[in-house]
Every structure is written in structure tokens, then in C-alpha cells.
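A.B. asks: There's a structure below that I have some questions on.
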């Protein structure tokens with residue numbers, strides 16, 4: 001039975017963000033305040049969770065080009081102009097061969113060869129390459145999973161929740177949680193229908209406070225996708241060599 005045919009009270013959606021060695025998943029209903037947040041070791045386990053989420057909105061690149069042109073990967077180019085001083089939170093994704101390189105040095109060499117103009121891989125992006133590969137591997141093997149997994153970005157989600165205006169506070173400063181920025185994001189989550197008790201809760205073991213607010217932000221976009229109120233960036237998007245869509249939804 002498709003999610004559209006199911007009673008809304010039986011449907012679950014999920015917002016997912018990477019955390020240290022795992023994923024933090026926020027399972028939500030299309031409406032209401034029933035929310036389950038937990039850390040899950042493998043991405044495939046989220047898809048097969050007891051909630052069986054009809055929509056999974058995940059903060060991870062989906063769709064990897066074989067080569068990168070002057071404008072970069074389409075989704076990053078489309079959303080950066082929206083974010084003002086938060087643009088740096090959108091990492092530049094290199095080619096698929098660079099993502100699958102064995103180490104950082106090799107990734108940079110391959111990225112240089114598969115980009116025009118030649119550019120290396122940022123260390124921040126390479127730190128999540130394992131997670132990008134994990135999601136990519138699952139989606140390439142399972143067309144049904146691909147139909148319910150959508151790429152999102154927390155800062156673009158908060159841009160949307162903030163009335164299509166960029167946020168003026170970071171959530172971390174010098175790699176440490178920044179409370180004014182976190183408080184701003186929690187307020188936007190509450191205004192979007194996330195209960196305050198959830199938005200302001202301590203994160204589950206293995207996740208940080210920024211991971212929790214990001215997963216909840218992704219969950220608000222999962223709701224909008226389910227309701228037909230979200231759109232892709234870019235609006236006319238391409239697919240990679242394996243048919244995976246290349247778009248950030250908000």
C-alpha cells in the first residue's frame with residue numbers, strides 16, 4: 001500500500017542527520033506531536049525501522065556526477081545564493097570517483113582529474129565520504145528506497161522555516177555548540193510544529209545538540225515533501241549515471 005493510500009495516523013516520516021559513527025533519526029507523523037528520536041548505526045536500518053518511514057529526508061548528498069563542471073554540482077550551486085553568510089555550510093561535492101577514493105590524498109588526485117577547472121576535495125567533505133558512500137550504495141541497490149529518500153540540507157531547511165530568509169547565527173563556533181544559534185533554530189522548529197519538549201531536549205547518546213536540531217529540521221521538510229509543499233533546488237534537476245536525482249529539497 002502506498003503512503004498516499006494509508007491513513008495519516010499510520011504513516012511515519014523521518015529526518016536524518018549524520019552523527020559520530022552513526023545517524024540520528026527523528027521519526028515524525030505527517031501531523032501531530034508524536035516524535036521518536038534515536039541514534040541508528042546503519043542507514044539501511046532506518047529504511048527498515050519499525051516505523052517504515054514513507055519519506056526519509058536526509059542531510060547527505062544523493063546523486064554523484066562522474067565529472068564536476070565550472071558551476072559545481074547542481075544542488076550546491078542552486079542553494080548557496082539563498083544562505084547569505086551561511087553559504088560555507090554547503091560543502092562542494094566532488095565527482096563519484098573521488099568520493100570512492102581510498103584516502104584523502106587519492107581523493108584529491110582523482111578530484112583534480114575529474115573537475116573543470118581542476119579542484120581538490122575539502123577535508124570537511126572528505127570526512128563524510130564514508131557516509132556518502134553508505135547512502136549511495138543502498139540507493140543504487142534498491143529502487144524502492146530511492147523513491148522515498150530525498151536529499152535535504154539543514155541550513156536550507158531553516159532558511160525555509162525562517163520565511164525564506166538566511167539565519168544570522170551559526171549553530172557552532174570553533175567546532176563547539178553555539179547556544180544563541182541553537183536557540184534560534186529551536187524556536188523555528190517549535191514554530192514549525194515540533195514540540196518544545198523535543199526541540200529543546202538533550203540529544204540521544206552518540207549525537208550532539210546540533211545533530212538533533214538538524215535531524216528535526218530535516219523532519220520538517222519530510223513533512224512538506226509528504227504534503228506536496230516542498231520543491232527541489234534546482235527546480236529542473238538532473239540524475240547521475242545510476243539514475244539518482246541531484247536536488248536539495250526544501
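The values are calculated or read from the model by the stated rules, or taken from the named source; none is laboratory data. Nothing here was measured: the structure is a model prediction, and the numbers come from that model. Glycine gets a Cβ as well: all are built from the backbone with ideal geometry, and neighbour counts include every protein chain shown.
A.B. asks: Checking residue 40 against (1) touching a strand residue (DSSP E or B) at 6+ places or on another chain (Cβ under 7 Å); (2) touching a residue at least 24 places away in the same chain (Cβ under 8 Å); (3) surrounded by fewer than 22 Cβ atoms within 10 Å (Cβ to Cβ): exactly one of these is not met. Which one?
C.D. replies: All conditions pass for residue 40, except number (2).
So that you can scan it fast, the table gives a plain yes or no per residue for (1) in contact with a helix residue (DSSP H, G or I) (Cβ under 7 Å, 6 or more places away or on another chain); (2) under 22 Å from residue 238 (Cβ atoms):
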site	(1), (2)
137	no, yes
142	no, yes
150	yes, yes
153	yes, yes
158	yes, no
169	yes, no
173	no, no
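A.B. asks: Tally the residues that are in contact with a strand residue (DSSP E or B) (Cβ under 7 Å, 6 or more places away or on another chain) and modelled with pLDDT under 95, restricting the search to the range 68-98.
C.D. replies: Going through the range 68-98, the residues in contact with a strand residue (DSSP E or B) (Cβ under 7 Å, 6 or more places away or on another chain) turn out to be 68, 75, 78-79, 94-95.
Imposing the further condition that a residue be modelled with pLDDT under 95 reduces the set to none.
Going through the range 68-98 one residue at a time, the tally reaches 0.
A.B. asks: Given the condition touching a residue at least 40 places away in the same chain (Cβ under 8 Å), under 28 Å from residue 196 (Cα atoms) and buried (at least 18 other Cβ atoms within 10 Å of the Cβ), answer yes or no: does some residue in the range 69-78 qualify?
C.D. replies: no
A.B. asks: To continue, here is another question. Mind checking which helices (runs of 4 or more DSSP H) fall wholly inside the range 129-229 and carry at least 3 residues that are more than 30 Å from residue 106 (Cα to Cα)? Steps first, please.
C.D. replies: On the way: elements: 129-141, 143-146, 154-161, 179-191, 196-199, 209-227.
Where helices (runs of 4 or more DSSP H) fall fully within the range 129-229 and carry at least 3 residues being more than 30 Å from residue 106 (Cα to Cα), they are 143-146, 154-161, 179-191, 196-199, 209-227.
A.B. asks: Continuing with the same structure: Pull up the range 82-95, narrow it to residues that are over 24 Å from residue 118 (Cβ atoms) and out of contact with any helix residue (DSSP H, G or I) (no Cβ under 7 Å at 6 or more places or on another chain), then point me to the one that is surrounded by the most Cβ atoms within 10 Å (Cβ to Cβ).
C.D. replies: 84
A.B. asks: Scan the range 231-241 and give yes if some residue there is surrounded by 18 or more Cβ atoms within 10 Å (Cβ to Cβ) and closer than 21 Å to residue 81 by Cβ, otherwise no.
C.D. replies: Yes - at least one qualifying residue is present in the range 231-241.
A.B. asks: What single numbered condition from (1) without any contact (Cβ under 8 Å) to a residue 24 or more places away in the chain; (2) closer than 26 Å to residue 210 by Cα; (3) surrounded by fewer than 18 Cβ atoms within 10 Å (Cβ to Cβ) fails to hold for residue 126?
C.D. replies: All conditions pass for residue 126, except number (3).
A.B. asks: Restricted to the range 192-208, and to residues that are touching a helix residue (DSSP H, G or I) at 6+ places or on another chain (Cβ under 6 Å) and in contact (Cβ under 8 Å) with a residue 24 or more places away in the chain, which residue is surrounded by the most Cβ atoms within 10 Å (Cβ to Cβ)?
C.D. replies: Of all residues in the range 192-208, those touching a helix residue (DSSP H, G or I) at 6+ places or on another chain (Cβ under 6 Å) come to 192, 194, 196, 199-200, 203.
Those still in the list that are in contact (Cβ under 8 Å) with a residue 24 or more places away in the chain too: 192, 194, 203.
Working: 192: 20, 194: 25, 203: 18.
Selected residue: 194.
A.B. asks: Can you confirm whether the range 50-64 contains a residue that is surrounded by fewer than 19 Cβ atoms within 10 Å (Cβ to Cβ), part of a helix (DSSP H, G or I) and on the phi > 0 side of the Ramachandran plot? Can you show your working first?
C.D. replies: Applying the first criterion (surrounded by fewer than 19 Cβ atoms within 10 Å (Cβ to Cβ)) to the range 50-64 yields 50-52.
Checking which are part of a helix (DSSP H, G or I) leaves us with none.
No, the range 50-64 contains no residue that is surrounded by fewer than 19 Cβ atoms within 10 Å (Cβ to Cβ), part of a helix (DSSP H, G or I) and on the phi > 0 side of the Ramachandran plot.
A.B. asks: Now a separate question. Just one of (1) at pLDDT 95 or above; (2) out of contact with any strand residue (DSSP E or B) (no Cβ under 9 Å at 6 or more places or on another chain); (3) in a helix (DSSP H, G or I); (4) buried (at least 18 other Cβ atoms within 10 Å of the Cβ) trips up residue 101, so point out which.
C.D. replies: (3)
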